[in-house]
Amino acid sequence: MLSVHNIHQYYGGSHILRDVSLTARAGEVTVVLGRNGVGKTTLLKSLMGLVPIKSGSIALEGREIQRATPYQRAHAGIGFVPQGREIFARLTVEENLRMGLATKPGGTPVPPQLYELFPVLRQMLHRRGGDLSGGQQQQLAIARALAAGPRLLVLDEPTEGIQPNIIKDIGRVLRRLADTGLEGVSTGPMAVLLVEQYYDFAEELADQYLVMERGEVVARGPGSEMREKGVRQLVAI
Ligand SMILES: Nc1ncnc2c1ncn2[C@@H]1O[C@H](COP(=O)(O)OP(=O)(O)O)[C@@H](O)[C@H]1O
Ligand SMILES: [Mg+2]
């Protein structure tokens, strides 16, 4: 689904991403772990076209997109849940969900399946985004990213500041999206690329894992090997 080859990224003179390569396959949750400041968010922003890369390639289903705009990448099938959620506080829940349809023809309805995934959103449809709890905002941010039916869902620390019961719900949703997709929204299993610092959540979901340090991938493998490889210690603060 997503293949990233040898990307390098700089903020001014600071070399942030150093030769990062990764693959995220449909039907799998691929987890990127790493301590604060190692470049996880910069990696995701580079994938979304929100920051320019200096070299390397990014391909979605075999088509290179590294020069595409963020809008074009969303249109090509990537949904993005940014760190900190970036909900529009003054817009209603419904209006926030419509923002996720920006790449669709005008008048495209919000898929009702999103409310089955996150029932609380239906109850809160006319509330303002800013009036929701952190956990509800996170669910809204995920639903917004799903609205256009992406084939790849990219999430930046969705558990940050969220209460445990909602973290469980989000975990179940991500597993289901990878296993089966969401009928009526995405056809077939999705690829999920998850940046996470909450180790237990990451280990439970990971089909594949990568660990970053100072802008480089320093470890990777199947999720089932995270324990024996001591990944928890690698990312412990
Ligand atoms: N807009 C920016 N301008 C300059 N440096 C930045 C910017 N954003 C992040 N950085 C730096 O890039 C590095 C990686 O940051 P980031 O990708 O946010 O890490 P992470 O998400 O892993 O915590 C850090 O050293 C951070 O200070
Ligand atoms: Mg970050």
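The values are calculated or read from the model by the stated rules, or taken from the named source; none is laboratory data. Treat the numbers as computed from the prediction; the structure is a model and nothing was measured. Here Cβ is always computed from backbone atoms with ideal geometry, including for glycine, and neighbour counts include all displayed protein chains. When the accessible area is computed, the model is the full protein with side chains, heavy atoms only, and any ligands, DNA or RNA have been set aside. Shrake-Rupley method; radii C 1.70, N 1.55, O 1.52, S 1.80 Å.
Probe radius 1.4 Å, ligands and nucleic acids ignored: give me the carbon and sulfur share of the accessible area of the chain as a rounded percent.
It is 48 percent, rounded to a whole number.
What accessible area per residue comes out for the stretch 94-237, rounded to a whole number of Å², with a 1.4 Å probe?
46 Å²
Relative to the longest principal axis of the chain, what angle (0 to 90°, nearest 10) does the C-alpha long axis of helix 164-180 take?
That helix lies at roughly 80 degrees to the long axis.
Taking the Cβ-Cβ separation of Arg227 and Arg172 as r and a Förster radius of 30 Å, what is the calculated FRET efficiency to the nearest 0.05? Before the final figure, lay out each step's value.
On the way: r = 22 Å, r/R0 = 0.72.
Computed FRET efficiency for Arg227 and Arg172: 0.90.
Can you work out the base-10 log of I(q)/I(0) for the stretch 133-231 at q = 0.13, 0.14, 0.24 1/Å, using the Debye formula on its C-alpha atoms alone?
-0.48, -0.56, -1.33
Using 0.36 nm per residue, how much length does the chain from Leu125 to Leu50 gain when fully extended, once their Cα-Cα distance is taken away?
24.1 nm
Would you check the chain for Lys pairs whose C-alpha atoms are within less than 28 Å, ignoring same-chain pairs closer than 8 in sequence, and give me the count?
Lysine pairs meeting the criterion: 7.
Expected output is a single nm value to one decimal: the length gained when fully extending between Ser21 and Glu95, i.e. 0.36 nm times separation in residues minus the C-alpha distance. What is it?
Length difference between fully extended and current span is 23.0 nm.
To test your reading of the geometry: what angle, between 0 and 90 degrees and rounded to tens, separates the Cα axis of helix 134-146 from the longest principal axis of the chain?
Computed tilt is about 90 degrees.
Using the eigenvalues of the Cα gyration tensor, what equivalent ellipsoid semi-axes result for the stretch 44-119 when each is taken as the square root of five times the eigenvalue, whole Å, largest first?
27, 15, 11
Glu213 to Gln113: FRET efficiency via 1/(1 + (r/R0)^6), r the Cβ-Cβ distance, R0 35 Å, to the nearest 0.05?
Taking R0 as 35 Å, the efficiency between Glu213 and Gln113 is 0.35.
Using only the Cα atoms, what convex hull volume per residue in Å³ does the stretch 1-83 have?
Expressed per residue, the convex hull around the Cα atoms of the stretch 1-83 is 96 Å³.
Which of these, Gly49, Gly27, Gly221, has the largest mean-square fluctuation under a Gaussian network model of the chain (Cα springs below 10 Å)?
Top of the fluctuation ranking is Gly221.
Determine the distance separating the Cα centre of the stretch 148-206 from the Cα centre of the stretch 209-237; give it in Å without decimals.
Each part's Cα centre sits 19 Å from the other's.
Give, rounded to the nearest 20 debye, the magnitude of the charge dipole that the stretch 103-224 has about its Cα centre when Lys and Arg contribute +1 at Cβ and Asp and Glu contribute -1 at Cβ. Intermediate values should be presented prior to the final figure.
Values: 12 positive and 15 negative charges, 118 e Å.
That gives a dipole near 560 debye.
Classify the stretch 66-203 as rounded, prolate or oblate, taking a ≥ b ≥ c as the square roots of the eigenvalues of its Cα gyration tensor: rounded when a/c is under 1.5, otherwise prolate if a/b is larger than b/c and oblate if not.
Here the stretch 66-203 falls in the rounded category.
Quick check on packing: order 50-57, 202-209, 95-102 by the mean number of other C-beta atoms within 10 Å, highest mean leading.
Ranking the peptides 50-57, 202-209, 95-102 by packing returns 202-209, 95-102, 50-57.
Treat the chain as a sphere of radius equal to its Kirkwood radius over Cα pairs and apply Stokes-Einstein at 20 °C in a medium of 1.002 mPa s; give the translational diffusion coefficient in µm²/s, rounded to a whole number.
120 µm²/s
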